[in-house]
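Accompanying notes for the structure given below.
The values are calculated or read from the model by the stated rules, or taken from the named source; none is laboratory data. Only a predicted model underlies this, so the values are computations on that prediction, with no experimental measurement involved. Ideal geometry is used to build each Cβ from the backbone, glycine not excepted, and the neighbour counts take in all protein chains shown. With ligands, DNA and RNA removed, areas are computed over all heavy atoms of the protein, side chains included. Shrake-Rupley method; radii C 1.70, N 1.55, O 1.52, S 1.80 Å.
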Amino acid sequence: MIKLRELWMVATYNFRGWHKNPRIIITFALSFILCFLLSNKVVMFAHTYGTTTQLVEAFIWTFGDSNSILLSSLLLLLLFADMPFLDPGVPFYLMRINRKTWLNGQVLYVILATSSYIIFILLATIVLCMNNSFIKNIWSETAAILGYSDAGKAIAIPAFVNTLEMTTPYKCMITIFLLMLLYSLLMVFIMLLLNILKGQFYGVAGVFIFSLYGFLLNPQLIKALFNLPDELMYKANVAVGWLSPLNQATYHMHNFGYDLLPRLWQSFTIFFVLIVVCYILTLLAIKKYNFNFTGTEE
């Protein structure tokens, strides 16, 4: 119980730094603007056809796309720009607790802060579309038009027939939320590990490389670059579905019973294992970490 209390104290200390913090305000303001820009296609489509949407459909169609997940996750660089959070209060904590406990407190903060950020994105999309939405757990007429015609493909909204036929809006929303959360946590844990091993510059660089890797492993981009015939596109699609964490976080890039793409439980497992590996490596790295409270790095 004492250890848990110490972890909670470290985490809440970091959250107190959110009060009137311009960086935190800018992060959430930009995420709201991003949600507005990305979900506007769904809102305008429903307005054009005079239809309504289910309450969480805007979130589903917006963040069922890999590019939207990528853009939203990159804003976490602002939220965690000061990792590993070496502010003036840290020396006093380290006098009372050991390095491992302090790091676990940071990990708890990272998990809670990232979860809060994804929840904010979900609520933002709901608020932006709630004037023309209903709460019943069935797909809307808008979703049917997007999924059963070429309208969704024409405006780059990832509405697919298998989604409409094999799941419900709230179940689909929870799945996409968890995929986004795990992808974002993996990115942040990589950043934390590199920050402790090499410094903040390498942490930020590592996140950009991680994001660029996911962006480049895109089936359509690969097809355009290498001019692949259709018979090879399926193999390329399956390959990037397994190799890219960003595609692992994309809902429609999964096996729904008729192809070789990863199943949802497999993606969840892969993300969990990678996060645990990063956590263990971070625990090992913190033992040799040279704390520097002068505002500069060695």
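A few points about this structure:
- Placing +1 on the Cβ of every Lys and Arg and -1 on the Cβ of every Asp and Glu, with no other charges, gives the stretch 1-149 a dipole of roughly 620 debye about its Cα centre.
- Carbon and sulfur %, accessible surface of the chain computed with the full protein complex present, 1.4 Å: 69
- Taking all protein chains as they are arranged and a probe of 1.4 Å, the heavy atoms of residue 242 leave approximately 100 Å² accessible to solvent.
- Candidate values (i) 19.3; (ii) 20.7; (iii) 18.8, label of the one derived for Kirkwood radius over Cα pairs in Å: (ii)
- Extending 7 Å from the Cα toward the beta-carbon at both residue 150 and residue 174 defines two label points whose distance is 3.7 nm.
- The label point for residue 264 and the one for residue 19, both projected 7 Å from the Cα toward the Cβ, are 4.1 nm apart.
- Theoretical FRET efficiency, 1/(1+(r/R0)^6), r = Cβ-Cβ of residue 44 and residue 99, R0 45 Å, to 0.05: 0.30
- Heavy-atom accessible area order for 3, 198, largest first, 1.4 Å probe: 198, 3
- For the chain, the membrane-span-like helices by this rule, meaning whole DSSP H stretches whose C-alpha atoms cover at least 30 Å of axis and whose Kyte-Doolittle mean is -0.5 or above, are 22-49, 99-129, 169-197, 264-286; this says nothing about an actual membrane.
- Think of each Lys and Arg Cβ as +1 and each Asp and Glu Cβ as -1; about the Cα centre, that makes the dipole of the stretch 96-224 roughly 620 debye.
- Using the 1.4 Å probe convention, the accessible area of the chain works out to 51 Å² per residue with neighbouring protein chains retained.
- Set of lysines with alpha-carbon distance to residue 235 below 23 Å, sequence-local pairs under 8 removed: 153, 223
- Applying a threshold of 23 Å to the alpha-carbon distances of 3/287; 198/288; 20/41; 100/198 flags 20/41 as lying beyond it.
- Farthest toward positive dipole pole in the chain [+1 Lys/Arg, -1 Asp/Glu at C-beta], among 13, 140, 183: 13
- Taking the chain and dividing mean pair separation by its residue count, relative contact order in percent (alpha carbons under 8 Å, at least six apart): 24
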